[in-house]
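**Q** Take this structure, written in structure tokens, and hold onto it; I'll ask about it next.
The values are calculated or read from the model by the stated rules, or taken from the named source; none is laboratory data. Just so it is clear, the model here is predicted, and its values are computed rather than measured. Virtual Cβ from ideal backbone geometry, glycine too; neighbours counted across all protein chains shown.
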Amino acid sequence: MDKTTEEKCKEYIGKYYRYKQKEKKIKVRNDLYVLMSKDMDTWIKSILRRWGRNLEQTEIISLSWDAFLFCLKRYDRSKEGGLSKFFFEAIRYFLLMEFAKKDIVKIEAIELKEILKLDHSPEAYLFERLLTLQQFRGVIPEEQLVIWDEATMSLSDSFRGHLPQKARGMSTESYARLKKVFINIIRLILK
């Protein structure tokens, strides 16, 4: 979205929030959508393409309208950052929620974490922490994964720790020290 269009959109949004009459609000909202529809269409198509999804143009138009209303409802004029950046990120979040309901989208963990930053709920925060935990597990050497997994499970009250079969090649002392380090890392990630 170019600067001129973005400024015009901000002007329309200002009017939308100032107007009290329902008819005026609807007119300004619709004019704003017409102004943004080309960019909305482009953003939606690019997001869906990255997720490996192809939709008919009629479905994209319908999603575009729903996403527009979603974004408009959540846009905060007082926050820093551009309007187009906010709308793009909010559209990604909206699409994630739409497709996740139907379980028809596969998104890489890094992108999912970015998208969830828009949702400030405790559930989204916890999910983001769990994704970080999963990503961190991905860099643990394979021979130490058993210890990492046991350290993770040992944080549960219902788990009784034991020396895993695969870790028996390691001294009990080394195993215990490594497990303690992993527990501290896991707690730090989950804070």
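**Q** Considering D31, D76, which residue is surrounded by fewer than 18 Cβ atoms within 10 Å (Cβ to Cβ), under 21 Å from E114 (Cα atoms) and not hydroxyl-bearing (S, T, Y)? Can you show your working first?
**A** Details: D31 fails: under 21 Å from E114 (Cα atoms).
The conditions single out D76.
**Q** How about the range 167-188: which of its residues are modelled with pLDDT under 80 and under 17 Å from R137 (Cα atoms)?
**A** A167
**Q** Additional query: Go through the range 1-26 and count every residue that is surrounded by 15 or more Cβ atoms within 10 Å (Cβ to Cβ) and more than 29 Å from the chain's Cα centre (by Cα).
**A** Residues flagged as surrounded by 15 or more Cβ atoms within 10 Å (Cβ to Cβ) and more than 29 Å from the chain's Cα centre (by Cα) within the range 1-26 amount to 3.
**Q** If you take just the helices (runs of 4 or more DSSP H) that sit entirely in the range 1-82, which of them hold at least 3 residues that are within 15 Å of F99 (Cβ to Cβ)?
**A** Working: elements: 3-18, 22-50, 57-74.
Correct list: 22-50, 57-74.
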